[in-house]
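I have placed the structure first, in the form of structure tokens, so that the comments after it can refer back to it.
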Amino acid sequence: MARNIIALESLGCKLNQAESESLARQFAKMGYHIVPPSDGADIYILNTCTVTHIADRKSRHLLRLARRRSPDALIIAIGCYAERAPEVLAHIEGVDLILGNDEKARLLDVLGERGMISTNSAICPPMLRTRSLVKVQEGCNQFCAYCIVPLVRGRERSLPLDEAVDEVKARVEMGYLEVVLTGTQIGAYRPSLELLIQRILAETGVRRLRLSSLQSRDITTELLALWQDEKLCRHLHLPLQSGSDPVLRRMRRGYSVDDYEKAVVMIREAIPDVAITTDIMVGFPGESDEEFEESHCFCQRMSFANIHVFPFSERPGTLATLMPEKVGERVKKERSERMLKLAKESARRFEVQFLGRTMRVLWEREVDDGVWVGLTDNYIRVFVQSDEPLKNRLSEVKVNEERRLP
Ligand code: SF4
């Protein structure tokens, strides 16, 4: 049976998205047609995530759904859940192939070797998105008490500098205006993140360069000095996880609330109008009402441009599984709702500062008849009415009213 329609779905982090984007380009180069998962396909690939039990459940659900949608398709599970528990995924009826993180980059070779696909044609792959994600680093040596990532992604390792610069050059040649550097811990990029950014800005024609996320300890004056180049997006995602020192210590995050605040102050002094976004976990084992209030107050004081909220999810093999005083689901839900409410208020407070200002926007897609949506470099979503197509174009608009996605 000729198989030439591929559906690729990705759960979890930007690193997963970058890897799926890279696989999609490889398949497209081979002449395969990439379709949305909802269309059904000859080959369905799910890049799984296992960062929470909800991600596990979603992975299993999507694999079953794909089988129901395409009874004759090849169903493939790759990624972190496949790495952590291949035996569990093997029990799902209809899953044909399971590849962990080390093997997934070789997916096309594995399929070719098993005669599941033909690998003989080469064409120029189409642009799949407006922002291209480039994976420059993988793995983590930190072992935070709640996190399964070091167990499924391994130790820190970096893409060699020349290869990373060439990857960005290749995306620019494909027509991408914005590239996002991603990894598990891009601050741990070696020889150094600064050198990588300097070379990319100097040697590639990239118009906008964005970083996926950094740790507060990665923030140095040398790194921040790079933002004098306006091609670097004024958006830093700096996971905090908790605004309470005792909780940070139990999480083994390796910094204090005070350290984190100092990093935020340095960033705001160096980069005007910068968007600082963060991750907050609620309900970590032992998190008392007082500790949660401390965390909530600190987040209020930091005026984040947005907050991603994660209820604690116990992961097999992590230190947190051994910790007493688990927080109940009802309390976790209440704390999540309060943090999400704060996140919404903070995001709006950040955005309205830019009303009346002229902002440069990278337009992504048409959301309504002649209404286009795009993002500023400091991650504000902007809409404009335009008769001409704007996809993948950078232009300046005056932001003059609030509007939400239809
Ligand atoms: S720094 Fe901590 S939370 Fe982040 S990937 Fe490493 S272990 Fe996980």
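Hey, any idea what % of the range 5-113's accessible area is carbon plus sulfur with a 1.4 Å probe?
Values: 2270 of 4460 Å².
Taking all protein chains in place, the range 5-113 shows 51 percent carbon and sulfur surface.
Projecting the alpha carbon convex hull of the range 358-398 along each direction and taking the average yields 2.4 nm².
Ordering 59, 256 by how much accessible area each has at a 1.4 Å probe, largest first, what is the list? Write down the numbers at each step before the final one.
Values: 59 0, 256 30 Å².
So the residues, ranked largest to smallest area, are 256, 59.
When the solvent-accessible area of the range 358-398 is split by element, carbon and sulfur atoms take up 41 percent of it, the probe being 1.4 Å. For residue 310, the accessible surface of its heavy atoms amounts to roughly 80 Å² (probe 1.4 Å, protein chains only, rounded to the nearest 10).
Can you tell me the accessible area per residue over the range 131-280, all protein chains present, probe 1.4 angstrom, in square angstrom? Could the numbers behind the result be given before it?
Numbers: 5570 Å² over 150 residues.
Here the per-residue accessible area is 37 Å².
Computed from point charges on the beta carbon alone (+1 for Lys and Arg, -1 for Asp and Glu), the dipole magnitude for the chain about its Cα centre is near 400 Debye.
Counted residue by residue at 0.36 nm each, then reduced by the alpha carbon distance between them, the extension gain from residue 289 to residue 352 reaches 19.5 nm. Across the options 168, 272, 297, the greatest Cα extent toward the positive end of the charge dipole of the range 131-352 (unit charges at beta carbon of Lys, Arg, Asp, Glu) belongs to 168.
Annotation: average projected area of the range 269-406 is 11.3 square nanometres, based on the convex hull of Cα atoms across all directions.
When a 1.4 Å probe is rolled over the protein heavy atoms, the share of accessible surface on the range 131-352 that falls to carbon and sulfur comes to 53 percent. Extending 7 Å from Cα along the Cβ direction at residue 190 and again at residue 391 yields two label points whose distance is 4.2 nm.
At a Förster distance of 22 Å, what's the computed FRET efficiency of residue 268 paired with residue 199, Cβ-Cβ distance as r, to 0.05?
0.25
When the alpha carbon coordinates of the chain are projected onto the principal axes, the ranges are 60, 55, 44 Å, largest first. Site pair residue 92 and residue 57 shows an inter-label distance of 1.5 nm when each label is modelled 7 Å from Cα along Cα→Cβ.
Taken over the range 131-352, the percentage of Cα pairs per 5 Å bin, counting from 0 up to the bin with the maximum distance, is 1, 7, 14, 17, 18, 16, 13, 8, 4, 2, 0. Charged side chains reduced to their Cβ positions (Lys and Arg at +1, Asp and Glu at -1) give the range 154-301 a dipole of some 400 debye around its Cα centre. Segment residue 252..residue 110, full-extension length gain: 47.3 nm, with 0.36 nm per residue of separation and the alpha-carbon distance subtracted.
The values are calculated or read from the model by the stated rules, or taken from the named source; none is laboratory data. Note that this is a predicted model, so its numbers are computed, not measured. Heads up, the Cβs are rebuilt from the backbone with ideal geometry, glycines too, and the neighbour counts pull from every protein chain shown. These accessible areas exclude ligands, DNA and RNA; they are computed on the full protein's heavy atoms, side chains included. Shrake-Rupley method; radii C 1.70, N 1.55, O 1.52, S 1.80 Å.
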